[in-house]
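What follows draws every value from the coordinates through simple rules; no lab data is involved. As the structure is a prediction and not an experimental result, all values here were calculated from the model. We place every Cβ from the backbone using ideal geometry, glycine too, and count neighbours over all the protein chains shown.
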Amino acid sequence: MFEKDYIIRAIEELFHALARIRRARREERHGEARADIEATCRSITGLELEQARSMGHDALRAVLPEPERRAIVARLLSEYGETLAATGGDGGADAGAYLRAAFVLYDELDQRDELPSEGGHREALAALVERL
């Protein structure tokens, strides 16, 4: 029961963060959007976003055994990549690394049949496939 409540709170936190992130990106406050993504990752997972990006799936799975939290990491990596792409310049080059990391993580979850049905993750994976 506690684990389910925790996951529900994490998903709610993600949805609130996504609204703030997209609003900041729309208003071209990219630094604020990046900071919010990083803070959300720390809050939900206890990991720095860059740390999560650089970990392999098995290492991430050991630290975050719940597929929902790994899917949240994938979503945040995707949002960070989109934010970097929106800034242009050197950020656009880094965007691909975050988008690819999000895709790999989502794909691993999907291949293991662990991709959560809630939270728009399947749609986010489809958008990544289309973009990459």
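Here is how the numbers come out for the structure above:
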read-out	value
Pairwise FRET efficiency - Ala86 versus Asp113, Cβ, R0 = 22 Å, nearest 0.05	0.10
Inter-label distance, nm, simple model (7 Å from Cα along the C-beta direction), Arg42/Glu13	1.2 nm
At most 13 other Cβ within 10 Å, DSSP loop - GluC sites (Glu not before Pro), segment 28-75	Glu28, Glu48
Quarter of Cα convex hull surface for segment 2-131, i.e. mean projection, nm²	7.2 nm²
Space enclosed by the convex hull of the alpha-carbon atoms of segment 42-100, per residue, Å³	70 Å³
Those trypsin sites (Lys or Arg not before Pro) in segment 72-128 that DSSP places in a loop and that have at most 14 other beta carbons within 10 Å	Arg112
R0 of 30 Å, Cβ-Cβ distance Arg23-Ala62: FRET efficiency to nearest 0.05	0.30
